[in-house]
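First up is the structure itself, then whatever we jot down about it.
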Amino acid sequence: MTGNHTAQEPKHKRDLTRRKVVVAGAGAAAAVGVGGTLAAGAFAGESGAKGAQASGSSSSTAAETCYKLTSETTEGPYYIDADKLRQDITEDKEGIPLTLRIKVIDAESCKPVGNAAVDIWHCDALGLYSGYESFSNGGGGGTPPTDAPSGTPTAVPSGTPTGEPPAGGGGGGGGGGHEEPTSDTRYLRGTWRTDRKGFVTFKTVFPGWYQGRCVHIHTKVHVSGAWTDAGYEGGTTCHTGQFFFDEETVLLCAGEAPYSTSTTERTTLGEDTIYDQSGTTGGLLKLKYKKNDIAKGVLATITVGVDPEATNTGT
């Protein structure tokens, strides 16, 4: 796409009440085994309900937990509306295995939000988004994808190829920025439902990075829709956010292939223009792995506090 591309408002903006996902093959619906072994209380950012303001339920106990609302962020230009209903979003992508375990809870009532549809999507180990490979050369530089507000300055290392960003590529700040996909690839994207305790688990690979952004994963939470034979339809988007990784873990991953082959200058967590530096509330994941063998895999967990009555599309 070029700067003179005439943007057409995407379908998911024109009709937010008509969402539909395509059911993947039978193998994609298999539960991710590691997720079933995690305890509900093992999540970062949780605080006991004792001393917190719960919303009047006589059944509240000290074992329940309350959370601040998780930060809303820009959707970014590369969201594809609920294209794959699956937990394993890896496809054939190389990278360090990542199991992402999310707990969705009503931040006011302290109760889990069951039967919600959770989307996640992120770039591959070399910074490419499925559906949008033409916007970037990945680790080799080129025209980078960006979620940063338009006009945000970025440092470009000498000799790095540069070009005009995609039309409206900011996606944050003052408005819009969604781009229509330019390919049929859909790796590292998926949607799945939360169980009655608010949990959902995805299997993927540790994301890479691209110019101007730290390592991150995008997410949306949809409620009040219906699960049909065709997938998930209707409802509203109550949360649009991003998940982030601490610097120590990113540096360890950066030393492993294929991440180590990237020539793109990395933006750190502290330098990122989207992360609000608020820890778990801002989407910072709790990570578990063997420091001397991170290539074996990483377990990431987080509790997302939402307002199910709100609409937060991130656009």
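The values are calculated or read from the model by the stated rules, or taken from the named source; none is laboratory data. Here the structure is a predicted model, which is why all the values come from computation and not from measurement. As a convention, Cβ positions derive from the backbone with ideal geometry for all residues, glycine included, and neighbour counts pool all protein chains shown. Surface areas here come from the heavy atoms of the whole protein model, side chains and all, with no ligands, DNA or RNA. Shrake-Rupley method; radii C 1.70, N 1.55, O 1.52, S 1.80 Å.
A few points about this structure:
- From Lys220, Lys203, residue being part of a strand (DSSP E or B), under 20 Å from Tyr129 (Cα atoms) and open to solvent by 40 Å² or more (accessible area, probe 1.4 Å): Lys203
- Of the residues making up the stretch 255-276, those that are closer than 26 Å to Thr74 by Cα and either open to solvent by less than 70 Å² (accessible area, probe 1.4 Å) or among the hydroxyl-bearing types (Ser, Thr, Tyr) (or both) are Tyr259, Ser262, Thr264, Arg266, Thr267, Thr268, Leu269, Gly270, Asp272, Thr273, Ile274, Tyr275.
- Counted residues, the stretch 186-197 - those being crowded, with 22+ Cβ neighbours inside 10 Å and not hydrophobic (A, V, I, L, M, F, W, C): 4
- Inside the stretch 223-245, residues that are assigned to a strand (DSSP E or B) and touching a residue at least 12 places away in the same chain (Cβ under 8 Å) make up a count of 14.
- Residues within the stretch 96-127 that are open to solvent by 30 Å² or more (accessible area, probe 1.4 Å) and farther than 14 Å from Arg193 by Cβ, tallied: 5
- Which numbered condition Thr236 fails, given (1) under 18 Å from Thr311 (Cα atoms); (2) at pLDDT 95 or above; (3) crowded, with 23+ Cβ neighbours inside 10 Å: (3)
- Residue match in the stretch 287-310 (condition: assigned to a loop (DSSP other than H, G, I, E, B), under 25 Å from Gly177 (Cβ atoms), open to solvent by less than 10 Å² (accessible area, probe 1.4 Å) and modelled with pLDDT of 95 or more): no
- Being open to solvent by less than 10 Å² (accessible area, probe 1.4 Å), in contact with a strand residue (DSSP E or B) (Cβ under 8 Å, 6 or more places away or on another chain) and of a type in the set (Val, Ile, Thr) is a property that does not hold for Val250.
- Being modelled with pLDDT of 95 or more and in a loop (DSSP other than H, G, I, E, B) is a property that Glu248 lacks.
- Being open to solvent by less than 50 Å² (accessible area, probe 1.4 Å), modelled with pLDDT of 85 or more and farther than 26 Å from Thr281 by Cα holds for only one residue in Ser134, Ser130, and it is Ser130.
- Annotation: of all residues in the stretch 46-75 being at pLDDT below 95, of a type in the set (Gly, Ala, Ser) and open to solvent by less than 50 Å² (accessible area, probe 1.4 Å), the one that is farthest from Ser260 (Cα to Cα) is Ser57.
- Against the test of being touching a residue at least 60 places away in the same chain (Cβ under 8 Å) and not acidic (Asp, Glu), the options Gly305, Gly270 yield a single qualifying residue, Gly305.
- Verdict on Asp88 being within 25 Å of Gly297 (Cβ to Cβ), acidic (Asp, Glu) and modelled with pLDDT of 95 or more: yes
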